[in-house]
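Peer 1: Have a look at the structure that comes next, please.
The values are calculated or read from the model by the stated rules, or taken from the named source; none is laboratory data. On a predicted model such as this, the values are computed, not experimentally measured, just so you know. Cβ atoms come from the backbone with ideal geometry, glycine included; neighbour counts cover every protein chain shown. Areas reflect the complete protein model, heavy atoms only, side chains present, ligands, DNA and RNA absent. Shrake-Rupley method; radii C 1.70, N 1.55, O 1.52, S 1.80 Å.
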Amino acid sequence: MSELADLTERLVSIPSHEDETAAGDAIEEWLRMETDADVERDAAGNAIAYKRADGSDVPADHGAGTDPDAETLALVGHHDVVPPAERQTNGEGADGEYVVERRDGRIYGRGSADMKGAVAACLLAFRDATPPAGRELAVASLVGEETGGEGARHAIDDGFVPDHALVAEGSTNYSKPGVTDVAVAHKGRRASTLVASGDAAHASEPEAGENAVYRACDAVDVVRDLDAPETTVFGEDVTGSVVVTGFHGGDTWNVIPDRCEVTIDERTVPGERADLARTEEVPGVEWTVGQDLPPMGCGDDAFADAALSVARGVHEERGLEHPEHVIKPHATDAGWLSEAGTECLVCGPSEPGEAHTETESVSIDVLERCRELYASLAEREW
């Protein structure tokens, strides 16, 4: 039996779409039983543990920051999940366990791919790795990733800003089938709203009012003419997008609308945003940002190259093709850490099309591959 598969099944079985407490308790308990690390559970519910390069205990007053005398590498995941489909629960309500199945070399269940399998791999790698002198190793399983990164932001505000982080979100099958790539950047997401205001009037006398829909249409034309944000990371082009995704104005067929609302989805890239402020040049239009999940771009060549070298070595041992540096299209907690000053990479077992689905699953072989990759990177100097 696989220790990693068993731990993954245990974590996947614990409901954590409404309340992550039980899953966090299980992770904290495992860390305290399986390691001698300094284990912390913050007010948000994040579980974070540290061990020193020399294997000695971290002082009790260590707190949520890093060891001032050592560079810190953190293995980072999250234990919250999106709501399960009906088939993914045992029918006993919110307190019932999730359905977990192991078949055909995969583990099925809500959160198996996104991302409790990766969390299990991080935990075992953290336990087993011996970091080199001058490095402190951390592992963090955060809350609230699926709802905007509340856990990551709380941890950062509480001092969790490691020098380097490997965020174990999915990067498998990106460059080619059968490999786990190393993402050196990912896009962010900025959700915006345009509100066009006008003056209501009877539709039979349109000149007596100011049509908010027309103003909104003028603002939409501005959006259509904007350049999408773009940049380059490690020679890889990262191109975002900006697109109107919703339009609503007017409630009655015979009244000139005095309000029209437009929603915009923008995929941002490191250091670049679309110039949406230009929409406010249209009279009566106000632009507001509802959510801004930051992008990530690694600026440490040595770290990125070391991770790719380790990944290639792990693949070679298994007779697999070489992974590559890639760009991930989705925002992760790496964006929040990167924004705070941590050099981040994303590398994990989840494959495109697995997360958030009714048939969500993760490969046990890929989990084992990632476990070895994480432990090897933790022990490698760069």
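Peer 1: Quick check on my filter: what residues within region 340-358 are out of contact with any strand residue (DSSP E or B) (no Cβ under 8 Å at 6 or more places or on another chain), under 23 Å from LEU73 (Cα atoms) and either surrounded by 15 or more Cβ atoms within 10 Å (Cβ to Cβ) or among the polar types (S, T, N, Q) (or both)? Break it down stepwise before answering.
Peer 2: Step one: of region 340-358, the residues out of contact with any strand residue (DSSP E or B) (no Cβ under 8 Å at 6 or more places or on another chain) are 340-341, 352-353, 355-358.
Filter once more, keeping what is under 23 Å from LEU73 (Cα atoms): 340-341.
If the condition is that a residue be out of contact with any strand residue (DSSP E or B) (no Cβ under 8 Å at 6 or more places or on another chain), under 23 Å from LEU73 (Cα atoms) and either surrounded by 15 or more Cβ atoms within 10 Å (Cβ to Cβ) or among the polar types (S, T, N, Q) (or both), then ALA340 is the only one that fits.
Peer 1: With the condition being open to solvent by less than 50 Å² (accessible area, probe 1.4 Å) and within 19 Å of ARG371 (Cα to Cα), I'd like the strands (runs of 3 or more DSSP E) fully within region 73-164 carrying at least 2 qualifying residues. Walk me through how you get there before you give the answer.
Peer 2: On the way: elements: 101-103, 106-108, 135-142.
It comes to 106-108, 135-142.
Peer 1: Would you be able to say whether some residue in region 212-227 is open to solvent by less than 60 Å² (accessible area, probe 1.4 Å), within 25 Å of GLY297 (Cβ to Cβ) and under 23 Å from the mean Cα position of the chain (by Cα)?
Peer 2: no
Peer 1: State yes or no: is VAL289 under 22 Å from the mean Cα position of the chain (by Cα), surrounded by fewer than 19 Cβ atoms within 10 Å (Cβ to Cβ) and aliphatic (A, V, I, L, M)?
Peer 2: Values: under 22 Å from the mean Cα position of the chain (by Cα): yes; surrounded by fewer than 19 Cβ atoms within 10 Å (Cβ to Cβ): yes; aliphatic (A, V, I, L, M): yes.
Here the answer is yes, as VAL289 does meet what is asked.
Peer 1: Now for a different question. Of the residues in region 165-190, how many are more than 25 Å from GLU272 (Cβ to Cβ), in contact (Cβ under 8 Å) with a residue 24 or more places away in the chain and not in a strand (DSSP E or B)?
Peer 2: To start, the set of residues in region 165-190 that are more than 25 Å from GLU272 (Cβ to Cβ) comprises 168, 172-173, 176-180.
From the residues that got through so far, the ones that are in contact (Cβ under 8 Å) with a residue 24 or more places away in the chain too are 168, 172-173, 176, 178-180.
From the residues that got through so far, the ones that are not in a strand (DSSP E or B) too are 168, 173, 176, 178-179.
Qualifying residue count, region 165-190: 5.
Peer 1: So which residues in region 338-365 are closer than 20 Å to VAL184 by Cβ and not small (Gly, Ala, Ser), if there are any at all? I'd like the intermediate steps shown before the answer.
Peer 2: Taking region 338-365 and keeping what is closer than 20 Å to VAL184 by Cβ, we get 338-352.
Listed by number, the residues that qualify are GLU339, THR342, GLU343, CYS344, LEU345, VAL346, CYS347, PRO349, GLU351, PRO352.
Peer 1: How many residues, within region 359-382, are in a loop (DSSP other than H, G, I, E, B) and open to solvent by less than 30 Å² (accessible area, probe 1.4 Å)?
Peer 2: First, the residues of region 359-382 that are in a loop (DSSP other than H, G, I, E, B): 359-360, 380-382.
Going one step further and asking which of them are open to solvent by less than 30 Å² (accessible area, probe 1.4 Å), we end up with 360.
Qualifying residue count, region 359-382: 1.
Peer 1: Does region 307-314 contain at least one residue that is of a type in the set (A, V, I, L, M) and closer than 30 Å to TYR214 by Cα? Walk me through how you get there before you give the answer.
Peer 2: Step one: list which residues in region 307-314 are of a type in the set (A, V, I, L, M), which gives 307-308, 310-311, 314.
Checking the rest, the ones that are also closer than 30 Å to TYR214 by Cα come to none.
There is no residue in region 307-314 that is of a type in the set (A, V, I, L, M) and closer than 30 Å to TYR214 by Cα.
Peer 1: Continuing with this model, one more query. Assess whether SER197 counts as being in contact with a helix residue (DSSP H, G or I) (Cβ under 9 Å, 6 or more places away or on another chain), more than 30 Å from ALA334 (Cα to Cα) and either among the hydroxyl-bearing types (Ser, Thr, Tyr) or not assigned by the TED database to the domain that holds SER338 (or both).
Peer 2: Working: in contact with a helix residue (DSSP H, G or I) (Cβ under 9 Å, 6 or more places away or on another chain): yes; more than 30 Å from ALA334 (Cα to Cα): yes; either among the hydroxyl-bearing types (Ser, Thr, Tyr) or not assigned by the TED database to the domain that holds SER338 (or both): yes.
Yes.
Peer 1: Then there's this: Of everything in region 333-358, what is of a type in the set (D, E, K, R) and either without any contact (Cβ under 8 Å) to a residue 60 or more places away in the chain or assigned to a helix (DSSP H, G or I) (or both)? Give them in sequence order.
Peer 2: Step one: of region 333-358, the residues of a type in the set (D, E, K, R) are 333, 339, 343, 351, 354, 358.
Residues satisfying the conditions are ASP333, GLU339.
Peer 1: Just need a number here: residues in region 293-307 that are over 11 Å from TRP382 (Cβ atoms) and surrounded by 17 or more Cβ atoms within 10 Å (Cβ to Cβ). Reasoning before the result, please.
Peer 2: So the first thing to find is which residues in region 293-307 are over 11 Å from TRP382 (Cβ atoms), and the list is 293-299.
Going one step further and asking which of them are surrounded by 17 or more Cβ atoms within 10 Å (Cβ to Cβ), we end up with 293-298.
Number of matching residues: 6.
Peer 1: So if I check each of GLU272, GLU316, which one is of a type outside the set (Gly, Ala, Ser), open to solvent by 10 Å² or more (accessible area, probe 1.4 Å), without any contact (Cβ under 8 Å) to a residue 24 or more places away in the chain and out of contact with any helix residue (DSSP H, G or I) (no Cβ under 8 Å at 6 or more places or on another chain)? Even if it seems obvious, please write down each step before you answer.
Peer 2: On the way: GLU272 fails: without any contact (Cβ under 8 Å) to a residue 24 or more places away in the chain.
Matching residue, one of GLU272, GLU316: GLU316.
Peer 1: Restricted to region 344-368, and to residues that are small (Gly, Ala, Ser) and farther than 15 Å from VAL179 by Cβ, which residue is modelled with the highest pLDDT?
Peer 2: Keep residues of region 344-368 that are small (Gly, Ala, Ser), which gives 348, 350, 353, 355, 361, 363.
Among the residues that remain, those that are also farther than 15 Å from VAL179 by Cβ are: 353, 355, 361.
Numbers: GLY353: 92, ALA355: 92, SER361: 97.
Among them, the one singled out is SER361.
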